[in-house]
1. Is it the case that residue 123 is touching a helix residue (DSSP H, G or I) at 6+ places or on another chain (Cβ under 7 Å) and more than 8 Å from the ligand (Cβ to nearest atom)?
2. When you check residue 97 against the structure, is it buried (at least 17 other Cβ atoms within 10 Å of the Cβ), away from the ligand (no atom under 14 Å from the Cβ) and either touching a residue at least 12 places away in the same chain (Cβ under 8 Å) or farther than 16 Å from residue 46 by Cβ (or both), yes or no?
Ligand SMILES: CC(C)(COP(=O)(O)OP(=O)(O)OC[C@H]1O[C@@H](n2cnc3c(N)ncnc32)[C@H](O)[C@@H]1OP(=O)(O)O)[C@@H](O)C(=O)NCCC(=O)NCCS
């Protein structure tokens with residue numbers, strides 16, 4: 001696979017168009033534009049994009065809760081998957097939040113999404129329980145994953 005020069009930087013409202021395009025290709029039940037706009041507008045969120053030049057090729061949206069950073073959404077343009085983009089986006093989140101000893105990291109993932117589960121496990125997330133019928137489109141269960149705080 002050809003190496004590409006990628007910059008990770010915070011997302012802004014100007015990126016909503018690019019986000020929407022990726023989101024629609026990456027998910028059967030995509031988030032709406034307004035859901036992203038709302039997360040991007042929160043001071044407590046960390047929203048990062050991976051850019052090749054000006055082209056957005058992936059993103060991660062994280063919300064700060066009392067005891068955890070919640071990874072709300074991570075997606076990579078299908079044309080750019082399996083090149084380490086999601087890994088880099090999540091590693092940047094860990095870098096930016098390292099030393100926050102009050103907060104670990106949590107997320108929900110479809111039990112059938114084995115690629116994503118493998119990615120998260122490689123990054124130190126562990127299986128932490130099941131939410132039955134969490135996904136409203138097909139009543140699929142969610143696997144809850146947890147990663148302990150990252151030391152600086
Ligand atoms: C899940 C998702 C975000 C992963 O993104 P990605 O950028 O492909 O992830 P990475 O490239 O970091 O890692 C994926 C695999 O590629 C491998 N990889 C990384 N760089 C690579 C390279 N240069 N060459 C070959 N393989 C590579 C990784 O080792 C990893 O392998 P693994 O599956 O054995 O763990 C992406 O598939 C996606 O957007 N899916 C749809 C949306 C979704 O399901 N999101 C998660 C919801 S919880």
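Coordinate-derived values only; no laboratory data. Here the structure is a predicted model, which means the values were calculated and not measured. Counting neighbours? That spans all protein chains shown, and the Cβs are built from the backbone with ideal geometry, glycine included.
1. Yes.
2. Spelling it out, residue 97 is indeed buried (at least 17 other Cβ atoms within 10 Å of the Cβ), away from the ligand (no atom under 14 Å from the Cβ) and either touching a residue at least 12 places away in the same chain (Cβ under 8 Å) or farther than 16 Å from residue 46 by Cβ (or both).
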